[in-house]
Amino acid sequence: MDASKIGRRSTFTVCDLERIDIIVSDGELPAEFMQACANAGVEAL
């Protein structure tokens, strides 16, 4: 996941965060998003 996509809107939704197991990122994810991942049980790498 490219961190520049956080907070952007799109025309459609693929799925809610709770349906994701692991996110592989560029290492620049904001703290608020990392906390949302932790709350949803998503492992962020």
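Some notes on this structure:
Matching residues to (1) modelled with pLDDT of 95 or more; (2) surrounded by 10 or more Cβ atoms within 10 Å (Cβ to Cβ):
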site	(1), (2)
MET1	no, yes
ILE6	no, yes
ARG9	no, no
VAL14	no, no
SER25	no, yes
PRO30	no, yes
GLU43	yes, yes
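- Contact map, region 11-25: residues that are farther than 11 Å from ALA40 by Cβ paired with residues that are open to solvent by less than 100 Å² (accessible area, probe 1.4 Å) and part of a loop (DSSP other than H, G, I, E, B), Cβ distance under 9 Å, separation 6+ or inter-chain. Pairs shown: ILE22/VAL42; VAL24/MET1; SER25/MET1; SER25/ASP2.
The values are calculated or read from the model by the stated rules, or taken from the named source; none is laboratory data. Quick caveat, the model's predicted, so the values are computed rather than measured. Because the Cβ atoms are built from the backbone with ideal geometry, glycine has one as well, and the counts that use them run over all protein chains shown. Protein only, heavy atoms only, side chains kept; ligands, DNA and RNA dropped before computing areas. Shrake-Rupley method; radii C 1.70, N 1.55, O 1.52, S 1.80 Å.
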